[in-house]
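The values are calculated or read from the model by the stated rules, or taken from the named source; none is laboratory data. Here the structure is a predicted model, which means the values were calculated and not measured. Because the Cβ atoms are built from the backbone with ideal geometry, glycine has one as well, and the counts that use them run over all protein chains shown.
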Amino acid sequence: MTFLQKLEEAVKAADSCLCVGLDPNLKRIPDSVKETYKTPEDQVYHFLKQVIEVTADHCAAYKPNLGFFEALGSKGLAVFQKILEEIPDDKIVIADAKRGDISSTAEHYAQAYFKTFDVDAITINPLMGFETLDPFLQYPQKGVYVLTLTSNPGADDFLTQPFGEFNSMAAYIANTLTNYNEKYATHIGMVIGATQPENMASVISCHPEGALLIPGIGAQGGSVETLVSALENHQGLPLVNSSRSILYAGQHAGDWQQAVGDKAIEFKTKLQPITNQYV
């Protein structure tokens, strides 16, 4: 099964384009978890295990953020592996690693995530050049999401600036990815921030068949209504990510699991107009 086939099946099965970001901040893990489990790695594992249990029916994908696991030190990647084993097989798993390097370094990053951890997709930073993508594109059943128009304010430093004949560097990246997609079986999608409504439509039009990973809804303030409009003619399947708004919905609640599950349902419902465009 190709990445795009699995992505389509995951969205259809859940009737949802929601991606739940797994960003386990130790400072925000519910007190009941901390009281029950004493080590940071146990707290993260059991917290995320329960998050997955109460959200799996409402999302198509999970996006574990490697920074939060690496912060646990030598045991962090072991926790990451255990969490991967908790995610149902029919869900898309995106390693939010934002890797971007050249030569054998990139080859080993690709091997780590596509062979050792066997995730479905990974986020890639292209600013060292498009050659950084090549090692990841040797895995035809996988996908990559290239940082194209990010949701943070720093996107204005580079990605929204004019570049060559394009009105932005983001548009240049998107256009180049279209050409790359014609050469490789590995699907090349884009990370497009929902906080960039004035730039989004023009950028994704440069890579109209690219799958999209869309952060910025929820805590960062992105608008679902704006997304619906921007995606009106886009062919590539979108996954709309929410991390903090779902993970910590029950931070101070006694039944925090219920609050997390309810928030996932709320996001799924809000995103239904987008899901309906593709399912």
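Residues of the stretch 237-276 that are closer than 17 Å to residue 194 by Cα and touching a Leu at 6+ places or on another chain (Cβ under 8 Å): 237, 238, 239, 240, 241, 242, 243, 267, 268, 271, 274.
For the stretch 111-118, the condition of being in contact with a helix residue (DSSP H, G or I) (Cβ under 9 Å, 6 or more places away or on another chain), under 23 Å from residue 234 (Cβ atoms) and surrounded by 16 or more Cβ atoms within 10 Å (Cβ to Cβ) holds for none of the residues. Here residue 196 clears all of (1) surrounded by 21 or more Cβ atoms within 10 Å (Cβ to Cβ); (2) at pLDDT 95 or above; (3) of a type outside the set (Phe, Trp, Tyr); (4) farther than 22 Å from residue 59 by Cβ except the condition numbered (2). Checking each residue in the stretch 152-209 for being touching a residue at least 60 places away in the same chain (Cβ under 8 Å) and within 20 Å of residue 232 (Cα to Cα) picks out 189, 191.
Residues are listed down the side, and each one gets a yes or a no for (1) part of a loop (DSSP other than H, G, I, E, B); (2) modelled with pLDDT of 95 or more; (3) over 19 Å from the mean Cα position of the chain (by Cα):
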residue: 6; (1), (2), (3): no, yes, no
residue: 21; (1), (2), (3): no, yes, no
residue: 24; (1), (2), (3): yes, yes, no
residue: 32; (1), (2), (3): no, no, yes
residue: 35; (1), (2), (3): no, no, yes
residue: 43; (1), (2), (3): no, yes, yes
residue: 47; (1), (2), (3): no, yes, yes
residue: 51; (1), (2), (3): no, yes, no
residue: 56; (1), (2), (3): no, yes, no
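Of all residues in the stretch 225-246, those being at pLDDT 85 or above, hydroxyl-bearing (Ser, Thr, Tyr) and under 12 Å from residue 271 (Cα atoms) number 1.
Where helices (runs of 4 or more DSSP H) sit wholly within the stretch 224-275, those with at least 3 residues that are more than 18 Å from the chain's Cα centre (by Cα) and without any contact (Cβ under 8 Å) to a residue 40 or more places away in the chain occupy 224-230, 256-270.
Quick check: anything in the stretch 208-217 over 20 Å from residue 4 (Cβ atoms), at pLDDT below 95 and either over 15 Å from the mean Cα position of the chain (by Cα) or of a type outside the set (A, V, I, L, M) (or both)? Yes, some residue in the stretch 208-217 is over 20 Å from residue 4 (Cβ atoms), at pLDDT below 95 and either over 15 Å from the mean Cα position of the chain (by Cα) or of a type outside the set (A, V, I, L, M) (or both). The single condition among (1) part of a helix (DSSP H, G or I); (2) of a type in the set (Ser, Thr, Tyr); (3) over 21 Å from residue 254 (Cβ atoms); (4) at pLDDT 95 or above that residue 16 does not meet is (1). Of everything listed in (1) free of Cβ contacts under 8 Å to residues at least 40 places away in the same chain; (2) touching an Asp or Glu at 6+ places or on another chain (Cβ under 7 Å), the single unmet condition for residue 41 is (2). Output the residues belonging to the stretch 59-82 that are among the polar types (S, T, N, Q) and not in a helix (DSSP H, G or I). The answer is 65, and nothing else.
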